[in-house]
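For reference, the structure discussed in these notes is given below.
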């Protein structure tokens, strides 16, 4: 920021610089958006739920030891124990605490969900902006590639990739990212097309602004709200995909994620046994996180896009 | 005009399906079908190439042998040969039954027998050679075959190798016989193959030319499951009649169900953690594993009693030696001072003393020269329900003594390739032995090492010792059973102390069948063995359908009806579409 706005002690009618005005407006609109978001009770509850899971994922390493859910250290624990004061959510077939597994699983599931979303959004935004802004044959080529990725059935591709590549968390992140960016790219491109033809963009160009400047200053800030909304909606899909792949046994075998817990519970016959404490908690956690992200995403979308607002 | 092609296609498809419907409907007498659920697909139908239990079961059904093994105690009894005689213990004369025929109607003669034995010896067929390597067979006439052993052979007169139809296999043997897919379905056993969908199922039909007569069951369908609970659910719902390898954790619950019988069979099968001994010279196994100290430390890091309890649910036997036969007489007692029991402190100490120290403080030991950490690749099967808990425990215990692991999962074919190429450090798998200990013992001789990726041997310990080989040659010609048992005990003790294999435990075959469909299940051996997937699986020809149970085959006729209705519906739609299109076309023409 330029140094012209050192608070208005001496300079009496404040002549604010354009940057200051811009920031002032942005702050106001952010506050406005936050205010509208706050009035959406479901979204606020969802935010609290997400906050709760985030806190859980962050503090887990400080309140427990990963080794506690390593089967070699659970020799003295009962197997298939139902919930008790010692094991809040019971134990599994190897005597491991289900509660601890769900807590540690939150880290992996959330990490994969967020990392994969980031990858999706980055690829999708870059391709969408480049295609929309430059148009012409760049647009055609990029959009044909996007179409190609769009028509490949998502789950089979993800399964094949996960099966062929090395089993690790990064593989899962990569697989989700590489298979789910096309819809973001299309969304961003359409927004770029509409922004590009606005008057102020033409004016900026007429004043000699370069492409990089136009993208940075005019296109990107205007696409950002859309990207944000799209991000919050992509996270639950990524988490569900991670769950699906782990449930199908394609995840990292050494990591505990919610999908992996569900897979093991099913494999070891928890359902036949009636051991609800083994499969319900990870299932509920997935449902809650996905629902919360979706509700927050919908609310953000509504707040940021006036057309979706109820009048 | 444009729709014509589409409508034609639909109509053609509909015609095709109509034919299928009538074919279904016309077979009013549903065949008596025994459906077997299992979790292992066949690797190869070719007995000169395959090695999985599921494939052996199929060969046991399709190929009869000269002599059979009694259901009760594995005693040698007549099969294709009705009698045999020998004067000197080296030359045996077998007389075949009268009027033997292959399932395709061709006569089965002494010539088929002699050809199989001689060719398998010359070409060193992987499943025959341990038995036929020292034999020469001559067909005296159509029903007489003379077998001469070059050395005294304790296995004779038992001749339990699969006799193959020469008229099918001779042209295959001219080239590389192991590449033949063997889906011809010609055999002499109770059932022969009719169809196979890799990864899904295979079907065997009763052989009308089986020497005991056509079995009471018309066909046996083997259905491959990837999920143990789904397989058990299918048994409960009556979709399948038998389950092989019931997951250990579902076994207790299943035995409480009414109308279902569960049983555990002991056959000497075992699960092991194998280390790459690099004796074959291929691949890039971790150098530390060639050090006996490290191998012993790994063995001592593993708490086998806990593993047995938590993974196998105490079904089977907690034995640390190779299982070479269902007969426990071959299992040695390991002297107390040589036992490698769970003792992580001693394991750590011996690693420390041998110079495997954690020099960079990351909790993982390094080689004495500091070149690389003790980080081993750990390979496991993706279709085993025990792989995950075994890995969870073993990698955890190894970490406690300062050894790191990197886990990879493979299917059976992939893991076989990985082992053959020597590009592994540790893997977990298992074996099931035959009645005679010789084949299992032969797998760990130097001759079975894989030194050329084109000819894969059985020796997946990738270990070899001249002392073991010498003992192997001795037991192979020892006719005195007590002495032979003693030699085998020495071999197994040697193999145990070398610790290239850590035998985790001897598994039980956990099986279950429905009581409302078939009766006459035969355990082999009596009382302790399983009923199917046994050494020769006599159940297939002793089973009879229960009146009103299997004979009616309600499920499949229902399924047939549903399929018929669905197909009929599609056919109707196709016809409607066709006529609509045609009337449009006529309208088009009019316009």
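Calculate the spin-label point distance for residue A:68 paired with residue B:346, positioning each point 7 Å from the Cα along the beta-carbon direction, and give it in nanometres.
3.4
Quick check on chain B: helices-only [θ] at 222 nm, where DSSP H runs of length 4 and up contribute -39,500 (n - 2.57) each and the sum goes over total residues. Nearest 500, please. Intermediate results must be reported in sequence, preceding the final value.
Values: 17 runs with 203 residues, N = 591.
Rounded to the nearest 500, the figure is -10500 deg cm²/dmol.
Counting partner chain Cβ atoms within 10 Å of every residue's Cβ in A:259-271, what's the average?
Numbers: counts 0, 1, 0, 0, 1, 3, 0, 4, 8, 9, 12, 2, 2.
Mean shielding count: 3.
What length, rounded to one decimal in nm, is gained on full extension from residue B:219 through to residue B:421, with 0.36 nm per residue of separation minus their alpha-carbon distance? Numbers along the way, then the final one.
On the way: separation 202, 0.36 × 202 = 72.72 nm, distance 3.92 nm.
Separation in residues times 0.36 nm, less the Cα-Cα distance, equals 68.8 nm.
State the antiparallel share, in %, of DSSP beta bridges confined to chain B, rounding to the nearest 5.
75
If you restrict to DSSP beta bridges whose two residues both lie in the protein assembly as shown, what percentage is antiparallel, to the nearest 5? The partial results should precede the final answer.
Details: 58 of 75 bridges.
Looking only at bridges with both residues in the protein assembly as shown, the antiparallel portion is about 75 percent.
Compute the separation of the alpha-carbon centres of region A:122-186 and region B:155-182 and state it in Å as a whole number.
52
Along Cα→Cβ, 7 Å out, is where each label goes; now give me the distance between the ones at residue B:359 and residue A:44 in nm to one decimal.
Those two pseudo-labels are separated by 6.2 nm.
Quick check: residue separation of residue B:171 and residue B:183 times 0.36 nm, minus the Cα distance between them. What number comes out in nm?
Details: separation 12, 0.36 × 12 = 4.32 nm, distance 1.47 nm.
My answer for the length gained is 2.8 nm.
For residue A:29 and residue A:207, calculate 0.36 nm times their separation in residues minus their Cα-Cα distance, and state this gained length in nm to one decimal. The partial results should precede the final answer.
Numbers: separation 178, 0.36 × 178 = 64.08 nm, distance 2.74 nm.
That pair, residue A:29 and residue A:207, stretches by 61.3 nm at full extension.
Would you mind pulling out the separation of the Cα centroids of region B:439-478 and region B:316-386, in Å?
What the calculation gives is 22 Å, centre to centre.
Can you put B:169, A:137, B:463 in order of Cβ neighbours within 10 angstrom, beginning with the fewest?
Values: B:169 22, A:137 8, B:463 25.
The order, fewest Cβ neighbours first, is A:137, B:169, B:463.
For the pair residue B:226 and residue B:136, how long in nm is the line joining their label points, each one 7 Å along Cα→Cβ?
Here the answer is 5.2 nm between the modelled labels.
If you find the alpha carbon centre of region B:198-234 and of region A:42-58, how far apart are they in angstrom?
53
Just for region B:270-507, what percent of DSSP beta bridges are antiparallel, to the closest 5?
Of all bridge pairs located within region B:270-507, approximately 60 percent are antiparallel.
A short reminder: the numbers here are calculations on the coordinates, not readings from a lab. These numbers come from a predicted model, not from an experiment. Heads up, the Cβs are rebuilt from the backbone with ideal geometry, glycines too, and the neighbour counts pull from every protein chain shown.
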